[in-house]
There are 2 protein chains.
Amino acid sequence: MSRIDFQTGPEKYHHWRLEVDGHTATLSMDVDENGGLFGDYELKLNSYDLGVDIELYDALERLRFEHPGVKVVVLRSAKDRVFCAGANIKMLSQASHAHKVNFCKFTNETRNALEVSGKEGGQHYICAINGTAAGGGYELALAADYIVLVDDGSASVSLPEVPLLAVLPGTGGLTRVTDKRKVRRDLADVFCTLEEGVRGDKAVKWRLIDETVAATRLEPRLQELADQFAAGSDRPDDASGVSLTPLKREFGDDLVRYEDVTIDIDRALNVATVTVHVPAQGIPGDVDAALAQGAGFWPLRLGRSLEDAILHLRANEPEVGVLILKSAGDPAQVLGYDEFLRSNAGHWFIREVNNLWRRTMKRLDLTSRTLIALGEPGSCFAGFLAEFMLAADRSFMFIGQREGDNRPVAELTLSDSNFGAYVMSNGLSRLETRFLGEPKSIDAAKATIGTAIDAAAAEEAGLITFAYDDIDWDDEIRIMIEERASFSPDGLTGLEANLRFAGPETMETKIFGRLTAWQNWIFQRPNAVGPEGALRQYGTGARPDYDRGRV
Amino acid sequence: MSRIDFQTGPEKYHHWRLEVDGHTATLSMDVDENGGLFGDYELKLNSYDLGVDIELYDALERLRFEHPGVKVVVLRSAKDRVFCAGANIKMLSQASHAHKVNFCKFTNETRNALEVSGKEGGQHYICAINGTAAGGGYELALAADYIVLVDDGSASVSLPEVPLLAVLPGTGGLTRVTDKRKVRRDLADVFCTLEEGVRGDKAVKWRLIDETVAATRLEPRLQELADQFAAGSDRPDDASGVSLTPLKREFGDDLVRYEDVTIDIDRALNVATVTVHVPAQGIPGDVDAALAQGAGFWPLRLGRSLEDAILHLRANEPEVGVLILKSAGDPAQVLGYDEFLRSNAGHWFIREVNNLWRRTMKRLDLTSRTLIALGEPGSCFAGFLAEFMLAADRSFMFIGQREGDNRPVAELTLSDSNFGAYVMSNGLSRLETRFLGEPKSIDAAKATIGTAIDAAAAEEAGLITFAYDDIDWDDEIRIMIEERASFSPDGLTGLEANLRFAGPETMETKIFGRLTAWQNWIFQRPNAVGPEGALRQYGTGARPDYDRGRV
């Protein structure tokens, strides 16, 4: 498979149409059957593959940044009598286990971003179902704030994965049915085994959708709903958007260069070093100046680059098992931006930049590679960049300077931003998660806000794992990386997925922990993916042949 | 493999010694190397298999019932310089996927029962680690209320599964490290990759244990701790225990008969019907009379039989995919017992009966078979037996009587017991879980307490899934069971594991949902279980050969 590219734009969309009319945008799914990302499958009936979802996520991000006046997004299908048939089965049956898992992760992240769009950005999603919404199609609808189903005796919602495909509705479906829609568990059980799904009033009564509407009443009703949701939005009426111009990227065999992020891959060790660079030029004086910089506003450009870098590494560099996180630049500059993001957090544009950063740090948390943060001389882990240190599985700081290197010693500086602005999927800040057992350490950390802490003090405060000096650093880091490279990648994935998310569970952690883990298991089971399994047999007319043993 | 029997007793133990001295019992692990349950492996260094754990659970249950005066249990090793080496690796490498998963489920249930023993029964566990506590050995210690480690420069705790075996510490270890001990996540990461583990003061500082003690001080210190914990226990000082005499059981090819439970298996459909029978004789007048009945006290005998029945079906009947839950008897009799259990709930004996029922219903929730409750004429789903209806994936009631059958019509009667006495792993009652989206339905259900509701009213109140009359019943039930039998067992396992536990997450749901699901995935991966995988290569001197791709 050639490199999967997560960058696109409306002018390149194959599968979606985006129209804006006042406070309402309409995002219409119109999948091009012949526009599959790879392999030999046709995307019939608005079924999707990763390429379709990449465009959806792009549209979502553009709606946030390029359309400040859009308060409501109507998510619908441009096809007649079909909303969306879910993930394409032939694609799934051809895809590798790793691709399936990565595909589900990205689609889940996109649904989550869509779901919180109203809450965190004042942009609400209304889903209009005009036909069959099956499997991933209904799961897409489930992410919306409100679901309207056309009552024409045919439009329906269904999760037929278990009966038809022997896999789970894995894009959040089961979790949203029980925990968001709060469907009664026995009705949920019935629903999830009904190939034909549920329609009409029963779908409302079972809490699967919010309302039904006659086909002739659909458009005026959507208008009413859009007006209602728009009235509750704090997005501005008259503001110009920020155009998300293409990221400048350069790909080499073992490197990727963005303006603010570089990736360097060591193929012998299967390690990628991701370095964040801080520009030397000044911080905008006010939000207007930041708006004038547009997509060039550093925290935005950095967030987009980092997001693309993470997605690229996940999809295209499966053998890279360790990500080394580094930073380079002046901590004062970072803290200046950090203060700017905080003091203007109420402005729609800066709010979206903060939302992007939160989303991107969550992607990092959910990346199934070992994360190691290294604070070396010349680094700038301060404010929102300090989140790297806190997101890492292990973090290290260099004590003092290297011989012959006069860059400033490594320091760590916390700001208010580290205490709740960028929460993890579990709803806690990374510091709260870190210090679940030692709440006093959070108070101690708070007392350091704005103060640069050196390596020894950071270790003492429990903010990093270990500090080493010039004598030990190279050996300790090398040994750790070599050791990590010697472990089973699967064992590490399971270990990290458990250790990273202590404390409370949310719908997000349930989706990525419980639901995804079960789906990953099923994606390995012969009953689903074996030669006689349901995914392979689907559409052939043959019945799958199941091993009847319960595990 | 011959039938795995979950019934045993101290006189038959191969691996444990149980000694009682005043308010303290000592439970000493002394695994017989040659006492493995199956296959060709030696249980060296206090490593364990399912057989060892069956004895541990038996001891736990006897300590609750037979030793009311025991307020503290010291869990220790009878072997020199070794506490416990965890699950036996050779056993794991020989075991089928299904056996591994079932083994982990039972050991997890035993650790959970041990963990809540202090809280729900006033019997606290102190763990004394005198040597290496590796993997499952440390996980066993983690379930205790307090962990003491001998400080002799050699005794240590470790979770070396990932580096040595490419699997997770799957018996609650990761969850208890992050959520019970609240170990900092980066230190947890380091700890879980250190083959040799951590000892001495570092183990305290990292929150892995509670204290270290010099070897010479161990015995007096344990005495001190036992006295402290005993002072906080409300178990009686002078009371006679109830001897858990052997269950009367009879096994046939397609049936098992207990005094109060029968299992009938339909091999064509792979369905087992589990029927609970209610005795006609009177309810004891007071607790003394119940104590005089001893193990014959019906709710105790029923709980033990049902527990054994569930464990038997899980371990020995893997092809049985559906459990039909039925009851037969006089609802008034059940409600009489229900009232007896409630009004005497503060008595140590009745408290333990209630604890056993709660534990057994949790086992049912966690049983990866479809659960269908059928309320037919002559049934008695009332009070604590109504929990069957609420635990089922689907529940049905028969409207009216069958032709030529004059047994009373099916009714459902709730009692106070259904509103919190027997909570699920998620900490909610089954009714609260059921009505997460409709809290008013809980109030409506409360208003029916003590009133027998017929099938139509139960359906209307949302207390059952569907009600059918004589004309439809047989066909509807048959079609549903046949349909269920046609689905992939793995898909159903994943579906049920997600739909049954809506709402809040607890350490228990995390262990069975997140941790177990990841472990099950890893137990399918070639890096762990393939011919070149770590489990197969362990002990051979050869290094496992890993696929380096991250998923």
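The values are calculated or read from the model by the stated rules, or taken from the named source; none is laboratory data. This is a predicted model, so every value here is computed, not measured. With ideal geometry, Cβ positions are generated from the backbone for all residues, glycine too; neighbour counts draw on all protein chains shown. Ligands, DNA and RNA are stripped out before the accessible areas are found, and what is left, the full protein with its side chains, is counted by its heavy atoms. Shrake-Rupley method; radii C 1.70, N 1.55, O 1.52, S 1.80 Å.
Values as computed for the structure displayed
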item	result
Conditions (1) open to solvent by 20 Å² or more (accessible area, probe 1.4 Å); (2) not in a strand (DSSP E or B): number failed by A:Arg76	(2)
Out of B:Ser154, B:Ser93, B:Ser117, sole residue that is under 26 Å from B:Leu311 (Cα atoms), surrounded by fewer than 23 Cβ atoms within 10 Å (Cβ to Cβ), modelled with pLDDT under 95 and of a type in the set (Gly, Ala, Ser)	B:Ser93
Helices (runs of 4 or more DSSP H) within the range B:436-504 that include 3 or more residues within 9 Å of chain A (Cβ to nearest Cβ)	B:473-486, B:489-499
Selection from the range A:183-208 of residues that are more than 20 Å from B:Thr433 (Cα to Cα), within 13 Å of chain B (Cβ to nearest Cβ) and open to solvent by less than 30 Å² (accessible area, probe 1.4 Å)	A:Thr193
Filter result for the condition that a residue is within 14 Å of another protein chain (Cβ to nearest Cβ) and open to solvent by less than 10 Å² (accessible area, probe 1.4 Å), over A:Phe83, A:Phe103, A:Phe65	A:Phe103
Some residue of the range A:4-17 being in contact with a Leu (Cβ under 8 Å, 6 or more places away or on another chain), open to solvent by 30 Å² or more (accessible area, probe 1.4 Å) and under 21 Å from A:Arg81 (Cβ atoms)	yes
Condition broken by A:Phe384, with the remaining ones in (1) under 21 Å from the mean Cα position of the chain (by Cα); (2) part of a loop (DSSP other than H, G, I, E, B) satisfied	(2)
Of all residues in the range A:517-534 being among the aromatic types (Phe, Trp, Tyr) and facing chain B (nearest Cβ under 8 Å), the one that is farthest from B:His97 (Cα to Cα)	A:Trp518
Filter result for B:Asp179 (more than 23 Å from the chain's Cα centre (by Cα), within 14 Å of chain A (Cβ to nearest Cβ) and crowded, with 20+ Cβ neighbours inside 10 Å)	no
Any hit, the range B:281-303, residues being touching a strand residue (DSSP E or B) at 6+ places or on another chain (Cβ under 9 Å), modelled with pLDDT of 95 or more and open to solvent by less than 10 Å² (accessible area, probe 1.4 Å)	yes
Residues satisfying the stated conditions in the range A:120-171, i.e. among the charged types (D, E, K, R) and out of contact with any Phe, Trp or Tyr (no Cβ under 7 Å at 6 or more places or on another chain)	A:Glu120, A:Glu139, A:Asp151, A:Asp152, A:Glu161
Considering residues of the range B:256-276 that are closer than 16 Å to B:Arg314 by Cα and not in a strand (DSSP E or B) only, the residue most open to solvent (accessible area, probe 1.4 Å)	B:Arg267
Long-range neighbours under 6 Å by Cβ, at least six apart or interchain, first residue hydroxyl-bearing (Ser, Thr, Tyr) within the range A:118-135, second in a loop (DSSP other than H, G, I, E, B)	A:Tyr125/A:Ala144; A:Tyr125/A:Asp145
Inter-residue pairs, beta-carbon under 6 Å, first more than 20 Å from B:Lys119 (Cβ to Cβ) and in the range B:50-75, second of a type in the set (A, V, I, L, M) and not in a strand (DSSP E or B), 6+ apart	B:Leu50/B:Leu37; B:Gly51/B:Leu37; B:Val52/B:Val31
Check on B:Gly513, within 12 Å of chain A (Cβ to nearest Cβ), over 23 Å from B:Thr175 (Cβ atoms), buried (at least 23 other Cβ atoms within 10 Å of the Cβ) and free of Cβ contacts under 8 Å to residues at least 24 places away in the same chain	no
Residue count for the range A:87-100, restricted to those that are away from chain B (no Cβ under 14 Å) and small (Gly, Ala, Ser)	2
Residue, farthest from the other protein chains (Cβ to nearest Cβ), within the range B:535-551, restricted to residues that are touching a helix residue (DSSP H, G or I) at 6+ places or on another chain (Cβ under 7 Å) and in a helix (DSSP H, G or I)	B:Arg536
Residue among B:Gly172, B:Gly135 that alone is touching a helix residue (DSSP H, G or I) at 6+ places or on another chain (Cβ under 9 Å), within 14 Å of another protein chain (Cβ to nearest Cβ), closer than 30 Å to B:Phe349 by Cβ and crowded, with 24+ Cβ neighbours inside 10 Å	B:Gly172
Enumeration of residues in the range B:422-432 that are within 12 Å of chain A (Cβ to nearest Cβ) and open to solvent by less than 10 Å² (accessible area, probe 1.4 Å)	B:Met424, B:Asn426, B:Arg430, B:Leu431
Selection count where residues are among the basic types (Lys, Arg) and surrounded by fewer than 21 Cβ atoms within 10 Å (Cβ to Cβ), scope the range A:312-325	0
Residue within the range A:416-432 that is under 30 Å from B:Val162 (Cα atoms) and touching a strand residue (DSSP E or B) at 6+ places or on another chain (Cβ under 7 Å) present	no
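Per-residue answers, yes or no, for (1) free of Cβ contacts under 8 Å to residues at least 40 places away in the same chain; (2) touching a helix residue (DSSP H, G or I) at 6+ places or on another chain (Cβ under 7 Å); (3) among the basic types (Lys, Arg); (4) open to solvent by 20 Å² or more (accessible area, probe 1.4 Å):
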site	(1), (2), (3), (4)
B:Asp338	no, yes, no, no
B:Arg351	no, yes, yes, yes
B:Ile372	no, no, no, no
B:Pro377	yes, no, no, no
B:Asn406	yes, no, no, yes
B:Gly420	yes, no, no, yes
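Residue by residue, here is whether (1) under 30 Å from the mean Cα position of the chain (by Cα); (2) free of Cβ contacts under 8 Å to residues at least 12 places away in the same chain; (3) open to solvent by less than 50 Å² (accessible area, probe 1.4 Å) holds:
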| residue | (1), (2), (3) |
| --- | --- |
| A:Leu390 | yes, no, yes |
| A:Ser395 | yes, no, yes |
| A:Gln401 | no, no, no |
| A:Ser417 | yes, no, yes |
| A:Pro439 | yes, yes, no |
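One line per residue, one yes/no per condition, for (1) loosely packed, with under 14 Cβ neighbours inside 10 Å; (2) without any contact (Cβ under 8 Å) to a residue 40 or more places away in the chain; (3) touching a strand residue (DSSP E or B) at 6+ places or on another chain (Cβ under 8 Å):
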{"site": "B:Pro220", "(1), (2), (3)": "yes, yes, no"}
{"site": "B:Ser233", "(1), (2), (3)": "no, no, yes"}
{"site": "B:Gly241", "(1), (2), (3)": "no, no, no"}
{"site": "B:Asp254", "(1), (2), (3)": "yes, yes, yes"}
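Listed here are the residues, each with its yes/no results for (1) buried (at least 22 other Cβ atoms within 10 Å of the Cβ); (2) at pLDDT 95 or above.
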residue: A:Ile449; (1), (2): no, yes
residue: A:Ala452; (1), (2): no, yes
residue: A:Ala461; (1), (2): no, yes
residue: A:Thr465; (1), (2): yes, yes
residue: A:Asp469; (1), (2): no, yes
residue: A:Glu476; (1), (2): no, yes
residue: A:Ser486; (1), (2): no, no
residue: A:Arg500; (1), (2): yes, yes
residue: A:Gly503; (1), (2): no, no
